[in-house]
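Trainee: Take a look at this one; I'll ask things after.
The values are calculated or read from the model by the stated rules, or taken from the named source; none is laboratory data. All of these numbers come straight from a predicted model, not from anything done at the bench. Glycine also receives a Cβ, built like all others from the backbone with ideal geometry; neighbour counts cover every protein chain displayed. Surface areas here come from the heavy atoms of the whole protein model, side chains and all, with no ligands, DNA or RNA. Shrake-Rupley method; radii C 1.70, N 1.55, O 1.52, S 1.80 Å.
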Amino acid sequence: MKKIILKKNTKIYILAPSKSSTGGPECLHQLAFNLKKIFKTKNILMIYLPTLTSNPVHKNYKKYKINFTNKIEDKNDNLLIIPEHYMFLNYSLKFKRLKKVIWWLSVDNYFGFKFKNENHKFIRSIIKIPFNIISFFNFVTNYSFGILTIQDYLKFYYKNKNIAEEKEIKQASFHLMQSYYAFEFFKKKLKNIRILYDYLDQNIMDSSKNNKINKKNIICYSHKSNNFINLIKDNLNFKFIKLHNFSQKQIINIFKKTKVYLDFGFHPGKDKMPREAALFDNCIITNKKGSAKNNIDIPIKKKFKIFEKHSNLVLLKKELNSIFNNYQREIKHFKSYKFKIINEKHNFKKNLNKIFIKK
């Protein structure tokens with residue numbers, strides 16, 4: 001299998017957002033750190049966008065000790081690693097000589113930002129008319145037929161386009177997939193595809209080892225969940241905690257006491273938060289969108305993946321009561337998922353050695 005060649009004089013540039021601390025930037029800094037360590041090279045530099053006059057490095061990533069620059073040497077032996085966000089892909093077009101690799105940290109986010117950047121606001125509003133009609137119908141029927149998200153709609157809108165021929169995609173000679181969802185979506189559309197799943201922050205991993213079981217009948221849920229979560233809260237009499245605007249330490253303390261993590265978001269990639277919640281012995285319940293649809297990115301039993309329609313509230317209530325009343329029995333269903341999460345860092349390093357080679 002063809003590998004990405006790193007020569008002795010190769011400079012590796014990795015694009016990342018300035019002063020941002022989310023799952024994507026964490027992945028990009030982990031990649032830089034491990035490339036530096038495994039291939040024993042000092043020629044790894046972060047490029048932060050937008051360019052800031054002051055330090056663009058978020059405090060959470062200073063621990064990786066990766067240098068940054070505002071200038072890219074556009075030479076044949078150099079390498080540019082680009083996250084799939086349209087801003088970074090568009091920025092990369094100006095460089096013509098160096099080798100480019102796209103790391104698909106999401107699927108849906110690419111289409112969302114592409115749609116926004118390539119179409120005037122008025123045109124976007126016209127294209128979205130069918131989506132708005134369906135969404136209104138779903139709302140007035142109290143989601144009796146499910147939920148259509150804008151992400152679902154845009155994937156359908158771009159479905160018949162030749163992605164490989166889009167200028168921002170055509171520039172890359174390799175494509176890394178952060179999720180099985182991305183791999184399945186692009187495997188027939190792109191060439192030179194490699195799997196590169198990420199891993200959880202070491203602080204999260206260490207904190208979970210000291211996890212004293214003091215669970216309560218509380219549900220925490222992703223703030224990125226769609227309108228179905230409001231239907232759940234309005235109809236089911238449980239205690240809920242919305243995971244939003246908390247520090248990492250606060251989220252860890254929440255995970256330690258909750259028994260259930262709900263995520264009815266659009267799952268654009270292999271999300272970190274379900275994995276973090278599972279690590280702290282939460283039973284995971286999701287929808288069937290994005291990466292949650294397959295059994296590789298979120299490998300949980302079918303009964304814990306709920307299609308978002310009103311009639312399934314009865315099924316969801318049954319599962320939640322079963323977890324609260326028989327927690328020790330139900331949490332065993334997530335043992336293999338947790339084991340897989342613990343081994344992600346080891347597998348990440350193995351995959352890097354399969355993808356890159358130093359000459």
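Trainee: All but one of (1) touching a His at 6+ places or on another chain (Cβ under 9 Å); (2) in contact (Cβ under 8 Å) with a residue 24 or more places away in the chain; (3) open to solvent by less than 50 Å² (accessible area, probe 1.4 Å) hold for Ile193, so report the exception by its number.
Mentor: (2)
Trainee: Could you please find all residues in region 23-39 being free of Cβ contacts under 8 Å to residues at least 60 places away in the same chain and either hydrophobic (A, V, I, L, M, F, W, C) or open to solvent by 30 Å² or more (accessible area, probe 1.4 Å) (or both)?
Mentor: Residues satisfying the conditions are Ala32, Phe33, Lys36, Lys37.
Trainee: Continuing with this model, one more query. Which ranges mark the helices (runs of 4 or more DSSP H) fully within region 148-255 that have 3 or more residues being hydrophobic (A, V, I, L, M, F, W, C) and at negative phi?
Mentor: Qualifying helices (runs of 4 or more DSSP H): 150-157, 180-186, 228-235.
Trainee: Hey, any hits in region 100-118 for a residue that's without any contact (Cβ under 8 Å) to a residue 40 or more places away in the chain, open to solvent by less than 10 Å² (accessible area, probe 1.4 Å) and in a helix (DSSP H, G or I)? Can you show your working first?
Mentor: Quick first cut of region 100-118, residues without any contact (Cβ under 8 Å) to a residue 40 or more places away in the chain only: 110, 113, 116-118.
Checking the rest, the ones that are also open to solvent by less than 10 Å² (accessible area, probe 1.4 Å) come to 110.
Checking which are in a helix (DSSP H, G or I) leaves us with 110.
Within region 100-118, one or more residues are without any contact (Cβ under 8 Å) to a residue 40 or more places away in the chain, open to solvent by less than 10 Å² (accessible area, probe 1.4 Å) and in a helix (DSSP H, G or I).
Trainee: Another question, then. Tally up the residues in region 52-67 that are open to solvent by 90 Å² or more (accessible area, probe 1.4 Å) and either in contact with a Ser or Thr (Cβ under 7 Å, 6 or more places away or on another chain) or within 21 Å of Lys100 (Cα to Cα) (or both), please.
Mentor: Here is the first cut: in region 52-67, the ones open to solvent by 90 Å² or more (accessible area, probe 1.4 Å) are 53, 59, 62-63, 65, 67.
Then keep just the ones that are either in contact with a Ser or Thr (Cβ under 7 Å, 6 or more places away or on another chain) or within 21 Å of Lys100 (Cα to Cα) (or both); that gives 67.
Qualifying residue count for the region: 1.
Trainee: Just give me the residues in region 177-195 being among the basic types (Lys, Arg) and at pLDDT 95 or above, in sequence order. Walk me through it before giving the result.
Mentor: Initially, region 177-195 is screened for residues among the basic types (Lys, Arg), giving 187-189, 191, 194.
Arg194, the sole residue that qualifies.
Trainee: Could you look through region 70-91, keep only residues that are out of contact with any Lys or Arg (no Cβ under 6 Å at 6 or more places or on another chain) and either of a type in the set (Gly, Ala, Ser) or part of a helix (DSSP H, G or I) (or both), and pick out the one that is surrounded by the most Cβ atoms within 10 Å (Cβ to Cβ)?
Mentor: Leu89
Trainee: What pairs can you find where one residue is in region 84-96 and free of Cβ contacts under 8 Å to residues at least 40 places away in the same chain, the other is aliphatic (A, V, I, L, M) and open to solvent by 20 Å² or more (accessible area, probe 1.4 Å), and their Cβ atoms are less than 7 Å apart, with a gap of 6+ or different chains?
Mentor: Glu84/Leu105; Phe95/Ile72
Trainee: Let me ask something else about it. I'm checking my understanding of the structure. Among residues of region 298-326 that are in a helix (DSSP H, G or I) and touching a residue at least 60 places away in the same chain (Cβ under 8 Å), which one is surrounded by the fewest Cβ atoms within 10 Å (Cβ to Cβ)?
Mentor: Ser311
Trainee: Is at least one residue of region 278-288 within 15 Å of Tyr199 (Cβ to Cβ), at pLDDT 95 or above and within 20 Å of the chain's Cα centre (by Cα)?
Mentor: Scanning region 278-288, I find at least one residue that is within 15 Å of Tyr199 (Cβ to Cβ), at pLDDT 95 or above and within 20 Å of the chain's Cα centre (by Cα), so the answer is yes.
Trainee: Still on this structure, I have one more. Restricting attention to region 327-359, report how many residues are of a type in the set (Val, Ile, Thr), under 22 Å from the mean Cα position of the chain (by Cα) and open to solvent by 10 Å² or more (accessible area, probe 1.4 Å).
Mentor: Adding up the residues that qualify gives 1.
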